[in-house]
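**Q** What follows is a single structure, and I will ask about it in a moment.
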Amino acid sequence: MGAFVAGAIVAGLTLGAGAAQADSIALIGGASLETSVTGVAWAWRAPDALSEWSTSRLVWGIEADAMNIHSRRGRPLGAADIAAIGATPNLRVEWPQQNVAPYAEVGLGAHLLSATQLRGGPSLGTAFQFGEWLGAGLRFGAGRALELGLRIEHLSNADIKQPNDGLTFVGARFGWWF
């Protein structure tokens, strides 16, 4: 938990005043067979859609996150927790209807990790990792201010350095748009 707090503080300092001007904030929780993931994310959306159709629209944005990746295994080698901060440009297709908006999204960005070996888990090779995700969810409530979504996310160094075991996890998120 201490690594998560440290990661969140570093992310907040790195993002500076920009975090206070974000369009949304979300709580993240996820897991793989080897890990559990918790974190927080801030999102910024472009003011105008890239394209709009009769029942949908394509929007883009950038998401910054601070995560704690926790080993679910008790082996002696590696860190029990890895803090990660990242930034991910993304595209989202939304199908807005009154107070709900189902969506599908994809993102490709970069993360910095506090360690490269997770106890009993993957060896990631470098502290720099590419991150990509594919997700779907629903914005709902008054003004579509609340969001509930699922993602599959992958971190990897793209073979910049071996080993490159990568890490894939399924995550849920609950967000608030303001």
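The values are calculated or read from the model by the stated rules, or taken from the named source; none is laboratory data. Because the structure is predicted, anything quoted here is derived from the model rather than measured. Cβ coordinates were reconstructed from backbone atoms using ideal geometry, including for glycine residues, and neighbour counts include every protein chain displayed. Ligands, DNA and RNA are stripped out before the accessible areas are found, and what is left, the full protein with its side chains, is counted by its heavy atoms. Shrake-Rupley method; radii C 1.70, N 1.55, O 1.52, S 1.80 Å.
**Q** Extending each Cα 7 Å along its Cβ direction at TRP44 and ASP23, get the distance between those two points in nm, one decimal.
**A** 1.2
**Q** Excluding PRO47 itself, what net charge comes from residues whose Cβ is under 14 Å from its Cβ, given Lys and Arg +1 and Asp and Glu -1?
**A** -1
**Q** Show me the trypsin sites (Lys or Arg not before Pro) within the stretch 133-178 that DSSP assigns to loop and that have at most 16 other Cβ atoms within 10 Å of their Cβ.
**A** LYS161
**Q** Nearest 10 degrees, 0 to 90: what angle lies between the long axis of helix 2-15 and the longest principal axis of the chain (Cα atoms)?
**A** Computed tilt is about 50 degrees.
**Q** Suppose all protein chains stay in the model; what accessible area per residue would a 1.4 Å probe give for the chain, in Å²?
**A** Dividing the accessible area of the chain by its residue count gives 49 Å².
**Q** So if I restrict to the alpha-carbon atoms in the chain, what is the Rg, and what is Dmax, the biggest pairwise distance, in Å?
**A** For the chain, the Cα-based Rg and Dmax read 16.6, 56 Å.
**Q** Cβ under 12 Å from ILE69's Cβ, ILE69 left aside: what net charge do those residues give with Lys, Arg +1 and Asp, Glu -1?
**A** Within the 12 Å Cβ shell, the charges total -2.
**Q** Can you pull out the chymotrypsin sites (Phe, Trp or Tyr not before Pro) in the stretch 18-96 that DSSP calls coil and that have at most 12 other Cβ atoms within 10 Å?
**A** Answer by residue number: TRP53.
**Q** About its Cα centre, how strong a charge dipole does the stretch 34-173 have in debye, to the nearest 20, once Lys and Arg get +1 and Asp and Glu get -1 at the Cβ? Please report the intermediate quantities before stating the final value.
**A** Details: 12 positive and 13 negative charges, 67 e Å.
Charge dipole of the stretch 34-173: 320 debye, to the nearest 20.
**Q** With contacts defined as alpha carbon pairs under 8 Å and 6 or more residues apart, what's the relative contact order of the stretch 21-117 in percent?
**A** This gives 22 percent for the stretch 21-117.
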